[in-house]
């Protein structure tokens, strides 16, 4: 099955770029450039061509280029080659009356209802410097990270999470307004229960399969062995009871907690409450107690194992977007990372401030110098065979 590849990226009024048009031939793309020239903006644009709000989690109104005292409508377009053949994916607010308009998505020119419909055509997983605090901050970031891993294996997961959010928002609104229409609430709680169980089952299955790869250590090389733990009562119930029984239990819990949830402003149970823990196995130490370098190495282990798992399970791996990841690794682990990336079936986009940091990738990676105007090919990084 052909791997997933991004071969062309075009941007209009996206962040710092009035326009951008880049073509990629390699499987590993290294982009070097000073801070502030727009390297992360390019990774964000790629991340927005799949499900979700991208690597910055930004609202559509925050993405357009700011010039002349105003924020412009924006657009991102990508040409992908993959297991379903070639396709064009576009997103943005361009063509709307206001940059504050809601973001839209197109697949081969056809308008989609949501980004969830892209899940079986494009997927990306990323590591950014901001994720260095993933295990010191709130659960929402860890849950989004986990869901991106799940989407690559189960594209329908994106729809389950979105459907749960829609049903939960409707229930929250009714409870906040003091409207206790039993039938309406029961219908929304039924949807929450079904979609929560589906989401929890997909997350649990991914964690179990990923832990098996991490335990074997075949995909992570010199990076530390790790274990993921899904912190979710619904997933724990699924380990002991059939899915239909867990759905019934959730419906009962939702009905019984209406007054409490109304007072709290949200549901205490549901797909939105899951969390993720990560353990450094050689030290038997939770990730939040590890050093920054160790946490980065643990996340690299997870991403490498995930790429190998998805490649084996689906025939293609998600794109890997690694922003400044090598800068936080010592020389041995940096070389181990490059060796692991060269062996993976995934297309990888790497950024760094200096081209020298990518020197071991000469002959393997396609190299560019990033500038505010776009990408300039590095002459000492000849285009490798993309096979």
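Nothing in this text is a laboratory measurement; each read-out follows from the coordinates by a stated rule. Model, not experiment: these values are computed from the prediction. Don't worry about glycine lacking a Cβ; one is built from the backbone with ideal geometry, like all the others, and counts go over all protein chains shown.
With both bridge residues required to lie in the chain, what share of the DSSP beta bridges run antiparallel, to the nearest 5%? Once the DSSP bridges in the chain are tallied, antiparallel ones form about 70 percent. Relative protection proxy for 302-313, 165-176, from highest mean packing down: 302-313, 165-176 (other beta-carbon atoms within 10 angstrom). The angle separating the long axis of helix 292-314 from the principal Cα axis of greatest extent in the chain is about 80 degrees. The share of alpha-carbon pairs in the stretch 120-170 lying farther apart than 19 Å comes to 37%.
Once both labels are positioned 7 Å from their Cα atoms along Cα-to-Cβ, the gap between residue 212 and residue 371 label points is 5.1 nm. Estimated from helices alone, the mean residue ellipticity of the chain at 222 nm is -12000 deg cm²/dmol (sum of -39500 (n - 2.57) over DSSP H runs with n ≥ 4, per residue). Taking the square roots of five times each eigenvalue of the Cα gyration tensor of the stretch 84-198, the equivalent ellipsoid has semi-axes of 28, 21, 17 Å, listed largest first. Counting only Cα atoms, the size of the stretch 214-326 along its three principal axes is 51, 34, 27 Å, in decreasing order. Looking at the stretch 243-387, what % of the alpha carbon pairs are farther apart than 27 Å? The proportion of pairs with Cα distances above 27 Å equals 46 percent.
Once the Cα atoms are used to define both axes, helix 139-153 deviates from the longest principal axis of the chain by about 70 degrees. Site pair residue 227 and residue 260 shows an inter-label distance of 3.0 nm when each label is modelled 7 Å from Cα along Cα→Cβ. Extension gain, residue 58 to residue 313: 0.36 nm times the residue separation minus the Cα-Cα distance gives 88.7 nm. Modelled spin-label separation between residue 359 and residue 156, with each label point placed 7 Å from Cα along the Cα-to-Cβ direction: 5.1 nm. Rounded to the nearest 0.05, what FRET efficiency do residue 23 and residue 87 have when you use their Cβ-Cβ distance and R0 = 22 Å? The calculated FRET efficiency here is 0.85.
Highest mobility in the GNM of the chain, judged by mean-square fluctuation with C-alpha springs under 10 Å and restricted to 179, 142, 204, is found for 179.
If R0 is 51 Å, the Cβ-Cβ spacing of residue 70 and residue 187 corresponds to a FRET efficiency of close to 0.75.
Taking the longest Cα principal axis of the chain as reference, the axis of helix 331-343 is set at about 80 degrees.
Taking a ≥ b ≥ c as the square roots of the eigenvalues of the Cα gyration tensor, the chain is classed as oblate, since a/c reaches at least 1.5 and a/b does not exceed b/c.
Translational D (Stokes-Einstein, µm²/s) of the stretch 1-69 at 4 °C and 1.567 mPa s when Rh comes from the Kirkwood sum over C-alpha pairs?
On the way: Rh = 13.4 Å.
D, rounded to a whole number, is 97 µm²/s.
The order of the peptides 329-337, 151-159 by mean Cβ neighbours within 10 Å, most packed first, is 151-159, 329-337.
Fully extended, how many nm does the chain gain between residue 137 and residue 114 (0.36 nm per residue separation, minus their Cα-Cα distance)?
5.5 nm
Place the peptides 223-229, 256-262 in order of packing, highest mean first, counting for every residue the other Cβ atoms within 10 Å and averaging per peptide.
223-229, 256-262
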